[in-house]
Every structure is written in structure tokens, then in C-alpha cells.
1. Beyond 29 Å between alpha-carbons counts as too far, so tell me which of LYS97/LYS249; LYS43/LYS279; LYS43/LYS97 fall in that bin.
2. Between the stretch 272-304 and the stretch 181-198, what is the separation of their alpha carbon centroids in Å?
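Any read-out appearing in this document is the output of simple, stated calculations on the displayed coordinates, not a laboratory observation. All values reported here derive from a predicted model rather than from experimental measurement.
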Amino acid sequence: MKRLSITAWIFIGMAAGIALGVLFPDFSKNLTPISNIFLRLIKSVLAPLLFGTLVAGIAGSGSVKTMGRIGGKAILYFEIVTTLALLVGLLAVNIAKPGVGLTLERSAAEQQIAGAPPPSFGQLLEHTFPTSVIDAMARGEVLQLVVFCFIFGAACTAIGAKAKPIVEWSESLAEVMFRFTHYVMYTAPFAVCAALAVTVGSRGLGVLLGLGKLILTLYVSLAVFVVAILIPIIILCRIPMRRFYEAVKEPWLIAFSTSTSEAALPVALENMERMGVPKHIVGFVLPTGYSFNLDGTTLYLSLASVFVAQAAGVELSIAQQIMMMLTLMLTSKGVAGVPRASLVILSGTLVSFHLPVEGVALILGVDAVMDMARTSVNVLGNCLASAVVARWEGVDLSKAPVEEPVLTAPH
């Protein structure tokens with residue numbers, strides 16, 4: 001019998017949670033600790049995962065000068081497209097308002113914080129820089145940790161060979177935390193079951209309509225992003241649409257069905273190279289994009305963050321949403337290409353903006369459905385990034401590359 005994937009088990013957990021909430025509402029209300037354990041484990045991954053991935057990524061790829069022309073073009077493209085993805089997510093959640101009508105309760109401490117006057121721009125800017133990285137890790141200050149990691153990674157790059165042990169340690173740390181996250185995800189089906197059981201048992205099936213609106217908002221906004229942003233890029237850069245479709249359809253399907261970008265990477269590398277993207281370009285842009293160009297995830301993060309605020313009854317000003325967008329622009333760079341790793345970044349962002357982390361438990365019940373869509377868009381966006389950089393380098397993608405003849409020794 002074929003072993004079920006973690007995604008399949010999460011779907012089973014969703015169904016079981018709804019059934020428990022409907023049939024045994026009183027019992028279901030006592031299952032909160034199970035979902036809370038998952039949340040605690042996810043939060044414990046945050047600091048070491050960010051540190052390992054960001055420091056290793058920055059120090060490993062080097063500065064823009066050492067990465068050269070291709071690296072500079074790739075980074076520029078990444079920043080422009082991910083910013084557009086964040087904007088699409090913010091526009092979608094403000095127009096559809098999927099969180100309005102839900103009643104997400106907050107703790108007394110969070111209510112006290114919410115009642116305090118909002119900080120000024122100067123205070124927010126000052127708060128961005130940590131006085132102690134250990135303190136930032138302990139309090140879950142994601143933005144402070146990212147700023148420290150960027151400066152630390154740049155320092156490692158400047159030192160060069162002397163920093164090699166630290167860079168290798170960071171790479172090892174990142175790999176360990178990826179495996180740690182993998183283990184934590186084994187508890188996800190139980191957490192999903194408990195979260196949905198508590199939600200349905202306490203508030204009834206009506207609350208699922210609000211979550212259904214969240215799912216619909218995400219799928220529609222991702223479709224809008226592909227049609228309004230990615231397709232015009234294909235046209236402007238004169239990338240052959242049919243050949244690009246043939247190259248990306250297989251890795252896109254793998255990513256959608258497994259909810260894992262990394263599972264689609266080998267096929268994506270092979271198909272884009274077969275399409276005509278030079279090996280040195282696709283070999284740099286695709287792996288780098290897995291940390292710096294997650295279009296679907298960044299769109300989801302902006303949408304989910306404001307959704308939690310709406311569900312908690314917190315009115316975010318335009319300035320606060322812009323600051324949240326800037327925070328996500330940085331923190332999303334540390335998201336690993338593994339299933340539901342964006343929950344780590346989402347929980348850190350909610351803490352940074354004093355929004356209830358319980359919102360993660362609310363979203364967790366339907367996150368598997370949303371993860372398939374955003375992961376497949378991540379892969380699609382990274383494949384397109386490699387093609388765009390190739391076109392900027394003057395590569396003709398309208399026909400397959402000519403293979404060099406194999407030289408044989410004369411007889």
C-alpha cells in the first residue's frame with residue numbers, strides 16, 4: 001500500500017477535525033493544547049532557521065560585485081516582482097476583507113498592546129535595529145533578526161576565507177533546521193484536526209465560510225498576479241509562450257501536488273536548460289530564487305497577515321500595512337522551499353505587529369489547500385526569472401540550443 005503524503009494526512013486531519021467539532025463540540029473545545037504545541041514548535045524554528053538560511057545565502061552568493069552582472073540583474077528582478085506580489089496580496093485582502101465577521105479572541109496582554117497609541121515612523125525605524133541579537137531571538141523580533149543577519153552575512157563575505165567555518169556552520173544549521181521543520185510537520189495533521197475541531201466546536205460550521213472566503217481570495221489573487229504581472233513580463237521580454245509552458249508545466253504540477261518547491265527543482269533545472277536558458281544562468285537564478293523570489297508565498301503572507309488583523313478586529317492604517325509589507329519583503333527571503341514553512345514567517349510577523357498568533361491556528365486548518373497554490377506559483381515565478389535573466393543577457397529562447405558535437409579521436 002502506497003504511503004500517504006503529509007498533505008494527504010493533513011486533508012484527513014481537516015475532515016476529522018470538522019467531524020469532531022460537529023459531533024462532539026464539548027470534547028473538541030479541550031483540544032487547544034494540541035494545536036498550541038505545534039505553534040510552539042513552529043515558533044522555536046524561527047530564529048535558527050532565519051539565521052542559518054540568510055547568513056549562508058548572503059555569504060555563499062557573495063556581494064553584487066562578486067556575483068557580477070547576472071546576479072545583479074537577478075536580484076533586481078526578484079525585488080521588483082516580489083514587491084508587486086505583496087501589493088497584489090494587500091489589495092486583494094483589503095478589497096475582499098475575508099477576515100471581517102470572524103471573532104478571533106486575543107489575550108489580555110495583546111488587548112493592552114492594541115489599546116496603546118501606534119508608534120511613530122521614527123520609533124518603528126529605530127526598533128528595526130537590535131541592541132542584542134539574543135534578545136531579538138528570544139522575543140521573536142523577526143525584522144531585527146533579519147537586519148542583523150544581513151549585516152553579519154555581508155561581514156562574512158568581506159572577510160573571505162577566515163569566515164569559511166562560520167559560513168559552513170550556518171549552512172549546517174540551516175540543513176538541521178530544515179530537517180527539524182520536517183519532523184515538526186509530522187505533528188501537523190494532529191494540529192490541523194485539533195485546530196478545526198476547536199474552531200467548529202466553539203463557533204459552529206459558519207466560521208468555515210470565512211475561511212472559504214480566505215481560500216477563494218488567495219486563489220483569485222494568485223490568478224490575477226499570474227495574468228496581470230507574469231504574463232506581461234513574458235510578453236515584454238519576448239519569451240516564447242508555448243515553449244515556456246511546455247518547460248514549466250511538469251515542475252508546476254509537481255509543486256502543486258506535493259506542496260514542495262524543492263521536489264520540483266531538479267525537473268525545473270533540466271526543463272529550463274532544455275528550453276535554452278544557459279546552464280550557468282539557470283544554475284544560479286533558480287536556487288537563489290528559492291530564497292529571494294517566492295512570489296506566491298510573499299503574496300500569501302501579506303494577505304494572511306491582514307486577514308488575521310481583520311479577524312481580530314484590529315484596524316491597520318495604510319502606514320502600518322506598508323511597514324508590514326516592508327517587513328515581509330525582508331523576512332520572506334528566509335522562507336525555505338519546504339511545505340508550510342511560511343507559517344514560521346507568518347507567526348513571527350504577527351508577533352512583530354502585536355497581532356494574535358492564534359490566527360496561525362485558525363489558518364492552519366485550511367493551509368494545505370492554500371499551500372498547493374502558492375508553492376506552484378513560487379516555482380512558476382522562479383522558472384520565469386531564469387528565462388528573463390537569460391533574455392537580458394541576449395539569449396534567444398525561440399529555439400532549442402544547439403548541442404556541441406562530440407569530438408572523437410581520429411582512427
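1. Numbers: LYS97/LYS249 32 Å; LYS43/LYS279 38 Å; LYS43/LYS97 27 Å.
Pairs exceeding the cut-off: LYS97/LYS249; LYS43/LYS279.
2. The stretch 272-304 and the stretch 181-198 have Cα centres separated by 29 Å.
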